[in-house]
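A short write-up of the structure that comes next.
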Amino acid sequence: MGRAVVAAVEAAPDLELVAALEHGDDVGAVAATGAQVAVDFTVPDVTEANVRSLVAQGVHVVVGTTGWTPESLGRVEVDLAAQPGVGVLVAPNFALGAVLAMAFAARAARWFESVEVVELHHPDKVDAPSGTARHTAQAVARARREAGLGPVPDATTTALDGARGADVDGVRVHAVRLRGLVAHEEILLGNAGEQLTIRHDSFDRVSFMPGVLHAVRQVGERPGLTVGLEHYLDLG
Ligand SMILES: NC(=O)C1=CN([C@@H]2O[C@H](COP(=O)(O)OP(=O)(O)OC[C@H]3O[C@@H](n4cnc5c(N)ncnc54)[C@H](OP(=O)(O)O)[C@@H]3O)[C@@H](O)[C@H]2O)C=CC1
Ligand SMILES: O=C(O)C1=N[C@H](C(=O)O)C[C@H](O)C1
């Protein structure tokens, strides 16, 4: 992703690439390069420290790295309170179609008794379920709560560990890892006698770049912490 972002920024006539950091480089020296906005695609273990260092330097941050917890987001919010004017966007998916799929699923959720999420990725991915699937399940669960729906029906009493996937806010999420895949998600919504399937496929990492560039252009205008690109697309 880092290489794809470098290429996308270099190809954008209104943006200038002033630095490209690799593993081992000093994030604390980013402001000195003149950077106004930093983009982080690293690993869950280091992204919070990167973002907090960048916020302390007064640099806006666009984050694609997954694995964020409510606690790590909370610590960034505390840092941002001391840096008014600095914006941070943490977005689990920058593909416009994926953001729309999440929004459509949340909109549909109140009308269906059952829902499950299946995410499918390349086998080099280190986290499961994907940040996108977690974000989707949370949005669907919120919509179900707001509509007064009860738990998703499931009579399972005996199962091998993992057979029913992970429970994210009461929504079952299943993770597939398969060579050849890039990033894919299906939201399955069921009622008696019918099913709605909402599916998004990223076939190439270029799919994430329009969303990343949109965020880079916007983040300076949106101080504080934002979670999810949908808020930058008027879909939140
Ligand atoms: N929001 C979105 O739209 C998308 C999000 N992602 C997420 O972005 C993240 C990165 O994905 P991807 O680019 O595929 O992963 P890669 O494994 O290809 O890249 C991760 C990068 O982080 C670097 N890195 C690893 N450890 C450290 C460290 N301790 N300090 C600094 N840098 C480190 C790696 O360097 P080295 O290899 O030298 O160790 C590598 O350059 C993942 O969390 C993924 O889920 C991915 C695609 C889209
Ligand atoms: O690791 C990936 O590849 C991806 N990670 C993000 C996620 O965890 O949701 C976004 C996209 O699915 C690709």
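The values are calculated or read from the model by the stated rules, or taken from the named source; none is laboratory data. Since the structure is predicted, the reported quantities are computational estimates derived from the model, not experimental observations. Note that we place each Cβ from the backbone using ideal geometry, even for glycine, and neighbour counts take in every protein chain shown. Heavy atoms of the whole protein, side chains included, go into the accessibility calculation; ligands, DNA and RNA do not. Shrake-Rupley method; radii C 1.70, N 1.55, O 1.52, S 1.80 Å.
General remarks:
- For segment 28-42, the count of residues that are open to solvent by less than 50 Å² (accessible area, probe 1.4 Å), of a type in the set (S, T, N, Q) and within 16 Å of ligand 1 (Cβ to nearest atom) is zero.
- Test: Ala139 is away from ligand 2 (no atom under 12 Å from the Cβ) and under 18 Å from the mean Cα position of the chain (by Cα): yes
- When segment 75-97 is filtered for residues that are away from ligand 1 (no atom under 16 Å from the Cβ), on the phi < 0 side of the Ramachandran plot and not in a helix (DSSP H, G or I), the ones remaining, listed by number, are Ala82, Gln83, Pro84, Val86, Gly87.
- With a requirement of 2 or more residues that are closer than 29 Å to Pro123 by Cα and open to solvent by 30 Å² or more (accessible area, probe 1.4 Å), the strands (runs of 3 or more DSSP E) lying completely within segment 147-236 that satisfy it span 166-168, 171-177, 183-191, 194-202.
- From the list Val37, Val43, the lone residue that is touching a helix residue (DSSP H, G or I) at 6+ places or on another chain (Cβ under 9 Å) and either of a type outside the set (S, T, N, Q) or more than 16 Å from ligand 2 (Cβ to nearest atom) (or both) is Val37.
- Residue that is farthest from ligand 2 (Cβ to nearest atom) [pool: residues in segment 48-69 that are assigned to a helix (DSSP H, G or I) and open to solvent by less than 20 Å² (accessible area, probe 1.4 Å)]: Val55
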